[in-house]
Amino acid sequence: MEMSKSRRRINEIIRYTLLIVVGIILIYPLLWMVGSAFKQNRDIFGTLNIFPPNGRVVTTNFADAWQITSEHTIWYYFANTLKFLIPKTIATLLSCTLTAYVVARKSFKGKKFVFGAVIVTLLMPELAFRIPLYLLYREVGLLDTYASLYISDIFASSSFFIFMIIQFMRTIPRELDEAAVMDGCNDFQILWKIIVPVIKPILITVCLLCFMWGMNDFQGPLIYLNSADKTVLSVILKQQLDGEAMVNYGRVFAASVLGLLPMIALFFSGSRYFVDGVASTGGKE
């Protein structure tokens with residue numbers, strides 16, 4: 001009995017030690033970026049230390065990063081990002097939820113084909129859709145508009161989110177649907193009053209992932225937006241490295257930290273639902 005307890009304790013020590021080591025490795029780049037925001041150029045790439053050397057702490061990088069260009073602050077470009085992120089997140093949530101509900105809860109001819117199409121598009125790289133979408137937007141006059149960054153999401157183009165919601169819905173007993181039908185509910189009432197309250201964790205997870213991936217999207221805004229006044233945060237951060245003069249990397253890292261703060265706050269505000277949503281998407285029908 002005592003040997004069993006000691007062995008269990010040793011296993012716990014080993015497990016938590018490995019978790020701590022892996023956690024430190026994963027969080028180190030973020031801490032290094034924050035520390036580099038207070039360094040001079042010569043101190044950033046010359047050492048792996050997180051903290052700047054004594055006497056060489058730079059406190060002006062964040063002020064310079066806030067006024068990221070001579071015309072606008074970093075908030076201007078963050079507001080531009082929100083102009084497509086908010087409708088993109090809403091469109092993705094609504095369209096993917098409706099599509100997943102039909103595939104997961106309804107029986108119709110060709111259902112397996114539709115689900116197979118979702119899986120196939122899930123495996124395709126997003127870059128494969130960029131050129132066809134660019135040509136389509138050029139023909140209909142959507143280039144250089146924020147709508148070009150979210151209009152495809154109205155048609156449930158995010159197969160990954162559809163798959164996640166389908167897997168979550170499959171864990172819900174169908175008896176709930178049958179009971180709701182007996183009470184006189186139609187499909188939309190079943191979805192809104194029965195399904196949505198149960199799948200709230202996965203819906204919040206979809207919103208978080210869509211928002212974070214949209215914030216990190218560099219290629220889409222670079223391709224579809226041409227006007228300088230519509231530049232988004234990810235593009236303006238990259239432009240800080242393209243100047244002919246010497247790049248102030250401390251200022252660039254400070255701007256990156258400022259750009260990360262909204263995402264970090266959003267993640268922690270919904271982290272409980274995010275963990276529940278990801279952990280519950282492996283259910284089977």
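The values are calculated or read from the model by the stated rules, or taken from the named source; none is laboratory data. This one's a predicted model, so the numbers in the text were calculated from it and none came from an experiment. Neighbour counts run over all protein chains shown; Cβ positions are idealised from the backbone, glycine included. Remember, those area values only see protein heavy atoms, side chains included, never the ligands or the DNA or RNA. Shrake-Rupley method; radii C 1.70, N 1.55, O 1.52, S 1.80 Å.
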> If you check Ile68 against the conditions, is it assigned to a loop (DSSP other than H, G, I, E, B) and either open to solvent by less than 20 Å² (accessible area, probe 1.4 Å) or acidic (Asp, Glu) (or both)?
Replying inline: yes
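Whether any residue in segment 101-111 is outside any helix (DSSP H, G or I) and closer than 20 Å to Phe161 by Cβ is what I want to check.
Filtering segment 101-111 for residues outside any helix (DSSP H, G or I) gives 106-110.
Imposing the further condition that a residue be closer than 20 Å to Phe161 by Cβ reduces the set to 106.
Checked against the condition, which is being outside any helix (DSSP H, G or I) and closer than 20 Å to Phe161 by Cβ, segment 101-111 yields at least one hit.
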> When you look at Gly55, is it surrounded by 14 or more Cβ atoms within 10 Å (Cβ to Cβ) and among the small types (Gly, Ala, Ser), yes or no?
Replying inline: no
> Looking at this structure, is Ala128 of a type in the set (Gly, Ala, Ser) and within 19 Å of Phe218 (Cβ to Cβ)?
Replying inline: yes
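Quick one: which of Val252, Val206, Val257, Val196 is in contact with a Cys (Cβ under 8 Å, 6 or more places away or on another chain), assigned to a helix (DSSP H, G or I) and either among the aromatic types (Phe, Trp, Tyr) or open to solvent by less than 60 Å² (accessible area, probe 1.4 Å) (or both)?
Working: Val252 fails: in contact with a Cys (Cβ under 8 Å, 6 or more places away or on another chain); Val257 fails: in contact with a Cys (Cβ under 8 Å, 6 or more places away or on another chain); Val196 fails: in contact with a Cys (Cβ under 8 Å, 6 or more places away or on another chain).
After applying the criteria, what remains is Val206.
Considering only segment 230-246, how many residues are touching a residue at least 12 places away in the same chain (Cβ under 8 Å) and either of a type in the set (Asp, Glu) or open to solvent by less than 40 Å² (accessible area, probe 1.4 Å) (or both)?
From segment 230-246, those touching a residue at least 12 places away in the same chain (Cβ under 8 Å) are 230-238, 240, 246; that's our starting set.
Okay, now just the ones that are also either of a type in the set (Asp, Glu) or open to solvent by less than 40 Å² (accessible area, probe 1.4 Å) (or both), so 231-237, 240.
Selection size over segment 230-246: 8.
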> Going by the conditions given, is Leu222 open to solvent by 30 Å² or more (accessible area, probe 1.4 Å), out of contact with any Gly (no Cβ under 9 Å at 6 or more places or on another chain) and modelled with pLDDT of 90 or more?
Replying inline: yes
>> Return the pair list, or none, for Cβ contacts closer than 9 Å from residues in segment 180-199 that are without any contact (Cβ under 8 Å) to a residue 60 or more places away in the chain and more than 16 Å from Cys96 (Cβ to Cβ) to residues that are open to solvent by 90 Å² or more (accessible area, probe 1.4 Å) and part of a helix (DSSP H, G or I), at least 6 apart or on different chains.
In response: Ala180/Lys193; Cys185/Lys193
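From Thr47, Thr81, grab the single residue that is at pLDDT below 90 and either closer than 20 Å to Met215 by Cα or open to solvent by 30 Å² or more (accessible area, probe 1.4 Å) (or both). Lay out the reasoning, then the answer.
Numbers: Thr81 fails: at pLDDT below 90.
Going through Thr47, Thr81 in turn, just one is at pLDDT below 90 and either closer than 20 Å to Met215 by Cα or open to solvent by 30 Å² or more (accessible area, probe 1.4 Å) (or both): Thr47.
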>> Which condition from (1) modelled with pLDDT of 90 or more; (2) over 30 Å from Ile151 (Cα atoms); (3) polar (S, T, N, Q) is the one that Ser4 breaks?
In response: (1)
> So how many residues does segment 155-183 have that are part of a loop (DSSP other than H, G, I, E, B) and surrounded by fewer than 14 Cβ atoms within 10 Å (Cβ to Cβ)?
Replying inline: 3
>> What's the number of the only condition in (1) in a loop (DSSP other than H, G, I, E, B); (2) over 27 Å from Phe188 (Cα atoms) that Ile131 fails to meet?
In response: (1)
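Restricting segment 28-44 to residues that are within 14 Å of Asn248 (Cβ to Cβ) and in contact (Cβ under 8 Å) with a residue 40 or more places away in the chain, which is surrounded by the fewest Cβ atoms within 10 Å (Cβ to Cβ)?
Asn41
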> Among Thr73, Thr121, Thr92, Thr145, which is the only one that is touching an Asp or Glu at 6+ places or on another chain (Cβ under 9 Å), open to solvent by less than 70 Å² (accessible area, probe 1.4 Å) and either closer than 30 Å to Asn248 by Cα or not small (Gly, Ala, Ser) (or both)?
Replying inline: Thr92
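Return the residue satisfying two criteria in turn: it lies in segment 78-108 and is of a type in the set (Gly, Ala, Ser) and in contact (Cβ under 8 Å) with a residue 40 or more places away in the chain, and of such residues it is farthest from Ile204 (Cα to Cα).
Start the filter on segment 78-108 by keeping residues that are of a type in the set (Gly, Ala, Ser), which leaves 79, 91, 95, 100, 104, 107.
Pick out the ones that are also in contact (Cβ under 8 Å) with a residue 40 or more places away in the chain and you get 91, 95, 100, 104.
Numbers: Ala91: 14, Ser95: 14, Ala100: 15, Ala104: 19 Å.
The residue in question is Ala104.
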